[in-house]
1. Lysine pairs in the chain 8 or more apart or on different chains: how many have alpha carbons under 22 angstrom apart?
2. Over all alpha-carbon pairs in the chain, figure out the percentage whose distance exceeds 16 Å.
3. Specify which residue in the list VAL30, GLY41, SER20 is farthest towards the positive end of the charge dipole of the chain, using unit charges on the beta carbon of Lys, Arg (+1) and Asp, Glu (-1), about the Cα centre.
4. Gaussian network model of the chain, Cα springs within a sub-10 Å range: biggest mean-square fluctuation belongs to which of ALA27, ALA13, ALA56?
5. Which value at 222 nm does the chain reach when only helices count, each DSSP H run of 4 or more adding -39,500 (n - 2.57), with the total divided by all residues and rounded to the nearest 500 deg cm²/dmol?
6. Report the residue, chosen from VAL65, VAL19, VAL30, that carries the largest GNM mean-square fluctuation when the chain is represented by alpha-carbon nodes joined by springs under 10 Å.
7. Calculate, for the chain, the solvent-accessible area per residue in square angstrom, rolling a 1.4 angstrom probe over the heavy atoms of the protein chains.
8. How long is the gain from LEU3 to TRP47 if the chain were fully straight, where each residue apart is worth 0.36 nm and the alpha carbon distance is subtracted?
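The values are calculated or read from the model by the stated rules, or taken from the named source; none is laboratory data. Since the structure is predicted, the reported quantities are computational estimates derived from the model, not experimental observations. Positions of Cβ are backbone-derived with ideal geometry, glycine not excepted, and every protein chain shown enters the neighbour counts. Heavy atoms of the whole protein, side chains included, go into the accessibility calculation; ligands, DNA and RNA do not. Shrake-Rupley method; radii C 1.70, N 1.55, O 1.52, S 1.80 Å.
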Amino acid sequence: MALIEDPAQLRMARAALKVSMQDIQEATGVGTEAINRYENGVTAKLWASTRQKLEAFFDGRVIFVPAKKGKHGVGVLLKT
């Protein structure tokens, strides 16, 4: 299961897959306002149920790469 660690990863994953907040809302039931607040840092943490829905949406499509201290920040890889 892919693990979202940072708001930037959610933005990166959406951009890589060319999916909108509306697309995610329709597929998961997570509101566009909740996604927008998290991506823009207004909400620092996602509810566990929201995180699970988003991670399930991206599972099998992307790999959320965790940060490695002193090496690199968070990232997203497309699955092939």
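1. Final tally of qualifying lysine pairs is 7.
2. 47
3. Result: GLY41, furthest along the dipole toward the positive end.
4. Sorting by GNM fluctuation, first place goes to ALA27.
5. Dividing the helical sum by the residues of the chain leaves -13500 deg cm²/dmol.
6. So, out of VAL65, VAL19, VAL30, the one fluctuating most is VAL19.
7. Working: 5100 Å² over 80 residues.
On a per-residue basis, 64 Å².
8. Working: separation 44, 0.36 × 44 = 15.84 nm, distance 1.35 nm.
The span from LEU3 to TRP47 would gain 14.5 nm if fully extended.
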